[in-house]
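Trainee: Starting off with a structure, shown below.
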Amino acid sequence: QVQLVESGGGLVQAGGSLRLSCSASGSIFSINTMGWYRQAPGKQRELVADIARGGSSNYADSVKGRFTISTDNAKNTVFLLMNSLKPEDTAVYYCNVGATHRLTKRYLEVWGQGTLVTVSS
């Protein structure tokens, strides 16, 4: 099994910053991608940003220039630095990891439990 532990959500005023962290552990042979999704009330879950093992990253248009995704590969950890936060960034943020299982060598997609980010106006 692969487990994800997220941290860093909370309440912040508009214009403020937060940093989310997500650490993966368990039966990991390798990690292929790490990313963050979010789901606001009444809306579908959407990709915020992801990063591949080689370092290439993708961002939703709505967060480009404000959010930065990065990893600590030695610790199987992904970060999301969120600057210039807006009320519309309010959502539950979910970590997502694509990994190869250490024993079976099968591809796994794992979701974190979610962390709430609330941006007040």
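The values are calculated or read from the model by the stated rules, or taken from the named source; none is laboratory data. As the structure is a computational prediction, the values presented were derived from the model and not from experiment. Surface areas here come from the heavy atoms of the whole protein model, side chains and all, with no ligands, DNA or RNA. Shrake-Rupley method; radii C 1.70, N 1.55, O 1.52, S 1.80 Å.
Trainee: With N residues in the chain, what two-decimal value do you get for its Cα radius of gyration over 2.2 N^0.38 Å?
Mentor: That works out to 1.04 for the chain.
Trainee: Now for a different question. With the full set of protein chains in place, find how many percent of the accessible area of the stretch 1-107 is carbon and sulfur; take the probe as 1.4 Å.
Mentor: Answer for the stretch 1-107: carbon and sulfur cover 47 percent of the accessible area.
Trainee: Still on this structure: Under 8 Å for C-alpha pairs, at least 6 residues apart: give me the relative contact order for the chain, rounded to a whole percent.
Mentor: 36
Trainee: What whole-number value in Å² describes the accessible area per residue of the stretch 1-69 for a 1.4 Å probe?
Mentor: Computed with neighbouring chains in place, this is 55 Å² per residue.
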